[in-house]
Amino acid sequence: MARKRSTSRSKEPPSDKIVLATNRRARRDYAIHDSIEAGLVLLGSEVKSLRGSTPTLREGYARFRGEALWLFGIHIGPLPQASYQNHEPDRPRKCLLKKRELRKLKHALEAKGMTLVPLSLYFLKSRVKVELGLAKGRAKGDRRAADREKQDRKRIREATL
């Protein structure tokens with residue numbers, strides 16, 4: 001009896017995660033202490049627009065408004081086919097988290113200098129998720145030191161190969 005061969009060469013299990021956008025600048029400008037996955041409340045035209053274009057996360061941040069967490073500064077372009085039922089591209093969007101996670105984040109944000117920044121936006125199966133990073137801003141000198149360390153690690157890796 002012949003064994004069935006796998007068509008996938010990857011050793012990882014297949015993922016249903018489709019990354020739409022990443023905020024590469026956030027990892028440079030902030031020291032990320034923790035990250036959390038949250039759902040987003042979106043309109044139908046926003047979801048369809050995400051399937052066709054790329055959103056902008058660069059100016060994004062999350063903040064509490066009452067007891068709910070809201071995501072500001074994310075740009076999702078309008079859908080041309082939506083006509084009068086289109087969404088506002090830069091509107092605030094509500095994040096979906098459990099109450100326990102919201103309390104934990106609210107307590108962590110009370111520390112001086114801490115903020116929530118979006119790190120990536122992706123589809124997980126049919127849902128749109130955002131990865132939020134609990135971060136503290138870096139000074140200009142700290143960013144340069146981090147860049148130097150990154151370059152040093154890259155040189156060492158290349159030298160060993």
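None of the figures in this text is laboratory data; all of them are computed from the coordinates on show. As the structure is a computational prediction, the values presented were derived from the model and not from experiment. Neighbour counts run over all protein chains shown; Cβ positions are idealised from the backbone, glycine included.
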Cross-link partners of LYS140 among aspartates and glutamates (Cα-Cα below 17 Å; sequence separation of 8 or more within a chain) | ASP29, GLU149
Where a Cα-Cα gap under 18 Å defines reach, which aspartates and glutamates qualify for LYS99, not counting those fewer than 8 residues away within the same chain?
-> ASP34, GLU37, GLU67, GLU110, GLU131
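Net charge near ALA38, counting Lys/Arg +1 and Asp/Glu -1 over other residues with Cβ under 9 Å of its Cβ?
-2
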State whether the chain is rounded, prolate or oblate according to the following rule on the C-alpha gyration tensor (a ≥ b ≥ c being the square roots of its eigenvalues): a/c under 1.5 gives rounded; otherwise a/b larger than b/c gives prolate, and the remaining case gives oblate.
-> oblate
Between LEU97 and residues 5 or more places away or on another chain, which pairs have amide H atoms under 5 Å apart, with H built 1.01 Å from N, and which residues are they?
-> none
Full-stretch length increase - LYS154, ARG24 - with 0.36 nm per residue and alpha-carbon distance subtracted | 45.0 nm
Determine the relative contact order of the chain: mean sequence separation of Cα pairs under 8 Å and six or more apart, normalised by residue count, in whole percent.
-> 31 percent
Listed residues SER35, SER53, SER83, most fluctuating in the chain (Gaussian network, C-alpha, under 10 Å) | SER83
Starting at the first residue of the range 15-20, write each ³J(HN,Hα) from the Karplus equation 6.51 cos²θ - 1.76 cosθ + 1.60 with θ = phi - 60°, in whole Hz, x for Gly and Pro.
-> 10, 9, 8, 10, 6, 8
How much mean residue ellipticity at 222 nm does the chain get from its helices, if each DSSP H run of length 4 or more adds -39500 (n - 2.57) and you divide by all residues, to the nearest 500 deg cm²/dmol?
-> -9000 deg cm²/dmol
Just add up the charged neighbours of LYS125: K/R +1, D/E -1, any other residue whose Cβ is under 10 Å from the Cβ of LYS125.
-> +2
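State which entries of LYS106/LYS129; LYS104/LYS129; LYS48/LYS150 exceed 29 angstrom in Cα-Cα distance in the structure shown. Present the calculation step by step, with values, prior to reporting the outcome.
Numbers: LYS106/LYS129 20 Å; LYS104/LYS129 19 Å; LYS48/LYS150 38 Å.
Distance filter (> 29 Å) returns LYS48/LYS150.
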